[in-house]
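Step one of this worksheet: look at the structure below.
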Amino acid sequence: MRKALRWLLALTVLIGTLSTAGAATAAEPEATGTTDIKERLLSIPGMSLVEEKPYTGYRFFVLEYTQPVDHRRPSKGTFQQRITVLHKDVARPTVFYTSGYNVSTTPRRSEPAQIVDGNQVSMEYRFFTPSRPDPADWTKLDIWQAASDQHRIFRALKPLYSGNWLATGGSKGGMTATYYERFYPRDMDGVVAYVAPNDVVNKEDSAYDRFFATVGTEECRDRLNAVQREALVRREPLEKKYEAYAAENGYTFDTIGSLDRAYEAVVLDYVWGFWQYSTLKDCEQIPADAKNATDDEIWTSVDTISGFSFYTDQGLGQYTPYYYQAGTQLGAPTIRFPHIERKYVRYGYQPPRNFVPRSIPMRFEPQAMRDVDGWVRHNARHMLFVYGENDPWGAERFRLGHGARDAYVLTAPGMNHGANVAGLVEKEKAFATARILDWAGVAPSAVQENPAAARPLAKFDAKLDKRGAEHERTLRP
């Protein structure tokens, strides 16, 4: 489940808009004042420029912003947090995006930014390099501190971008947008959270087992299960191949503990990874007769979906902040493998602790997700959660209670971890688009009178709206 955790980190859900020839005309004139937007951004205390990159119809800035390591004790040190600004016009609404991981330094636009034809501010999550304090006090990596990072950025930029703001993100980014709303509910005018897992009780994961027992078709499930089992049956010859592969590429296994542990972790991610990033039609690419497949066919199928490089020290290193959070607050799934005899499974689904260097202490806080879940159920306002029908991470999702107002949970049929508003059934797509436009304060009168007429305000731009480009495919939310 974790390297499929490497495309998502992708899920960034950057699905979007703007046509280079259409909406991507010259950026509109500034609505207020005549000072250049770059000067106005750099006049903000603590803001510095890394670089500006051209993009038709926009100004795109890579910036650093000085943040306290500890928002409760701001005098105890600072660090530089990387952010980007995709600037269209100060008169347009602004979308605050985060993937929950690193930030892309290539111009990209989220789906909500396309829908509202607005600006986009993107934040790199604290402790993902280079946005990591030095020395790194890992106790300051938690959901409240990260939400406080967003709050300070918002307060710094709101005087410049005075229109409505929406928070968004996919997967861990969707979780991040939700946590931000929980701790600072007065900042945003709306939240669009894509494929956001919600692991309320970390030790109770039977929802995932039920998902894998019914997802897709029986034929597809049987193919995937057979390849996964066969990879463990052939452990000895395939681990020899793995040893040669690691030696050739200089891979080591100190964090997870051994090549054997890494091999099993990759294999056990296989079925999860398929459903996270593939669709039912992709089952045609899975070996139909695993028992009679060659070792190379089994290796290639597992490597394509799970990735044998991921549980190496070199693969895990950049994701240490994620696994630290999974093992301290977010929680992590544990699933069963009823199609594999116990004699072939030595370690099972390994906990996040196994993917973080032992020099970093970890202690799980079970109340963190319960608090967020309770808040969403009873206090959600102007929030939209979008899930994919065939996405494993949607097995444990956010749900709304009687206290929620103008908040919705929608599911895109047949979609995976890349689910978005565009993938919803037509009626729900129009409804969701209308709500996003309304929250952003830019719903045309025709949409206010008839939500079924809602459409994105900016045209699709294949380059700007490219999805999942800044992350390697990984089994993580």
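The values are calculated or read from the model by the stated rules, or taken from the named source; none is laboratory data. From a predicted model like this one, the values you see are computed outputs, not experimental measurements. Positions of Cβ are generated from backbone atoms using ideal geometry, with glycine treated the same way; all protein chains shown enter the neighbour counts. For the accessible areas, the whole protein counts, side chains as well, though only heavy atoms, and no ligand, DNA or RNA atoms are used. Shrake-Rupley method; radii C 1.70, N 1.55, O 1.52, S 1.80 Å.
When you scan region 349-364, do you find a residue that is outside any loop (DSSP other than H, G, I, E, B), loosely packed, with under 14 Cβ neighbours inside 10 Å and not aromatic (Phe, Trp, Tyr), even just one? First the steps, then the outcome.
Filtering region 349-364 down to residues outside any loop (DSSP other than H, G, I, E, B) leaves 352-355.
Among the residues that remain, those that are also loosely packed, with under 14 Cβ neighbours inside 10 Å are: none.
No, region 349-364 has no match at all.
Do any helices (runs of 4 or more DSSP H) entirely within region 191-299 hold 1 or more residues that are open to solvent by less than 10 Å² (accessible area, probe 1.4 Å), within 25 Å of LEU316 (Cα to Cα) and without any contact (Cβ under 8 Å) to a residue 60 or more places away in the chain, and if so, which? Give the derivation first.
Numbers: elements: 206-214, 218-233, 235-249, 259-268, 270-277.
In region 191-299, 259-268, 270-277 are the helices (runs of 4 or more DSSP H) which contain 1 or more residues that are open to solvent by less than 10 Å² (accessible area, probe 1.4 Å), within 25 Å of LEU316 (Cα to Cα) and without any contact (Cβ under 8 Å) to a residue 60 or more places away in the chain.
On the basis of being of a type outside the set (Gly, Ala, Ser), out of contact with any Pro (no Cβ under 9 Å at 6 or more places or on another chain) and open to solvent by 20 Å² or more (accessible area, probe 1.4 Å), does ARG381 make the cut? Explain how you work it out, then say what you get.
Numbers: of a type outside the set (Gly, Ala, Ser): yes; out of contact with any Pro (no Cβ under 9 Å at 6 or more places or on another chain): no; open to solvent by 20 Å² or more (accessible area, probe 1.4 Å): yes.
Against the criterion (of a type outside the set (Gly, Ala, Ser), out of contact with any Pro (no Cβ under 9 Å at 6 or more places or on another chain) and open to solvent by 20 Å² or more (accessible area, probe 1.4 Å)), ARG381 does not qualify.
When residues of region 408-435 are filtered for being open to solvent by 50 Å² or more (accessible area, probe 1.4 Å) and free of Cβ contacts under 8 Å to residues at least 24 places away in the same chain, how many remain?
Residues meeting the conditions: 5.
Considering region 378-404 alone, what residues qualify as being more than 20 Å from the chain's Cα centre (by Cα) and either closer than 30 Å to ASP137 by Cβ or of a type in the set (D, E, K, R) (or both)? First the steps, then the outcome.
Of region 378-404, the ones more than 20 Å from the chain's Cα centre (by Cα) are 378-382, 400-404.
Selection gives ARG381 alone.
Name the residues in region 146-163 that are buried (at least 20 other Cβ atoms within 10 Å of the Cβ) and either in a helix (DSSP H, G or I) or touching a helix residue (DSSP H, G or I) at 6+ places or on another chain (Cβ under 8 Å) (or both), would you? Give the steps one after another, and end with the answer.
Restricting attention to region 146-163, the residues satisfying the condition of being buried (at least 20 other Cβ atoms within 10 Å of the Cβ) are 146-150, 153-154, 157, 161.
Listed by number, the residues that qualify are ALA146, ALA147, SER148, ASP149, GLN150, ILE153, PHE154, LEU157.
Filtering region 181-190 down to residues that are farther than 15 Å from ARG377 by Cα and touching a residue at least 40 places away in the same chain (Cβ under 8 Å), which residue is most open to solvent (accessible area, probe 1.4 Å)? Reasoning before the result, please.
The first filter runs over region 181-190 and keeps only residues farther than 15 Å from ARG377 by Cα, leaving 184, 186-190.
Those still in the list that are touching a residue at least 40 places away in the same chain (Cβ under 8 Å) too: 188-190.
Working: MET188: 15, ASP189: 52, GLY190: 3 Å².
Residue satisfying both the conditions and the ranking: ASP189.
Considering only region 336-377, how many residues are of a type in the set (A, V, I, L, M, F, W, C), within 21 Å of the chain's Cα centre (by Cα) and over 21 Å from GLU181 (Cβ atoms)?
Number satisfying all stated conditions: 2.
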